[in-house]
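The values are calculated or read from the model by the stated rules, or taken from the named source; none is laboratory data. Just so it is clear, the model here is predicted, and its values are computed rather than measured. Cβ sites come from the backbone with ideal geometry, for glycine too, and all protein chains shown count toward neighbours. Note: accessible area is taken over every heavy atom of the protein model, side chains too, but ligands, DNA and RNA are not part of it. Shrake-Rupley method; radii C 1.70, N 1.55, O 1.52, S 1.80 Å.
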Amino acid sequence: AQSVTQLGSHVSVSEGALVLLRCNYSSSVPPYLFWYVQYPNQGLQLLLKYTSAATLVKGINGFEAEFKKSETSFHLTKPSAHMSDAAEYFCAVNTGGTSYGKLTFGQGTILTVHP
Amino acid sequence: DAMVIQNPRYQVTQFGKPVTLSCSQTLNHNVMYWYQQKSSQAPKLLFHYYDKDFNNEADTPDNFQSRRPNTSFCFLDIRSPGLGDAAMYLCATSKGQGARETQYFGPGTRLLVL
């Protein structure tokens, strides 16, 4: 079965510092990988996704992620953190059939940004 | 703007009293999903509809049912809520093109069971 593991349930950075949120996947076939962000008491918003095209994927709000098959990783980065980036971030693998998806999420990483 | 709408945002029910959560979409997507997210946990898929075809996850309790009367609306019915069913319930939609496509989420309904 396909799964993802997020390393670090909490990450704290200073405003302006690099953000690095780690995600490793387990899959016997090329996976479809997603990063979603969730603000308190809100739904999930897509940041970016990897669907076997370019390995470096750029998303919204200055985030990007690189798919590394050799490391089975899909880490999320942002060069300079902003206070508004404080939220919970979920990495997910999408399985399912030809007409639907099934997102299996990692446990989430809460990002704190301090002044 | 096209979107996924969930009402109400907060729902309080009593132990054992049936409750229905509502989701609607203006995206005209074929697939609608319901996820359960318990406190400090990741969302977990309960079931999905492709058009009117219902697909239940194997480990979804029988206490949870769903209805999709038309393309725009989907309901989550909890027949006899227990304390363990208190959670955020997230509705999502997708076009119906498989696992590579994006799922669009509503803001969620937080259910409290007293």
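Scanning region B:41-86 for residues that are open to solvent by 70 Å² or more (accessible area, probe 1.4 Å), away from chain A (no Cβ under 14 Å) and of a type in the set (A, V, I, L, M) yields a single hit, B:L83. Report yes if B:S22 is away from chain A (no Cβ under 12 Å) and not in a loop (DSSP other than H, G, I, E, B), otherwise no. It is true that B:S22 is away from chain A (no Cβ under 12 Å) and not in a loop (DSSP other than H, G, I, E, B). Counting only strands (runs of 3 or more DSSP E) that fall entirely inside region A:9-115 and contain at least 1 residues that are at pLDDT 95 or above and more than 10 Å from chain B (Cβ to nearest Cβ), the qualifying elements are A:10-14, A:19-26, A:33-38, A:44-50, A:56-58, A:64-68, A:73-78, A:87-95, A:109-114.
The condition of being touching an Asp or Glu at 6+ places or on another chain (Cβ under 8 Å) and of a type in the set (G, A, S) holds for only one of A:A81, A:A53, that being A:A81.
Scanning region B:25-37 for residues that are within 10 Å of another protein chain (Cβ to nearest Cβ) and open to solvent by 10 Å² or more (accessible area, probe 1.4 Å) yields B:N30, B:Q37.
Consider B:A99 carefully, then state whether it is under 15 Å from the mean Cα position of the chain (by Cα), crowded, with 16+ Cβ neighbours inside 10 Å and either more than 21 Å from B:I5 (Cβ to Cβ) or within 14 Å of chain A (Cβ to nearest Cβ) (or both). Show your work before the answer.
Values: under 15 Å from the mean Cα position of the chain (by Cα): no; crowded, with 16+ Cβ neighbours inside 10 Å: yes; either more than 21 Å from B:I5 (Cβ to Cβ) or within 14 Å of chain A (Cβ to nearest Cβ) (or both): yes.
Criteria not met by B:A99.
The listed residues are A:L20, A:L46, and the only one of them that is within 24 Å of B:G108 (Cα to Cα) and open to solvent by less than 70 Å² (accessible area, probe 1.4 Å) turns out to be A:L46.
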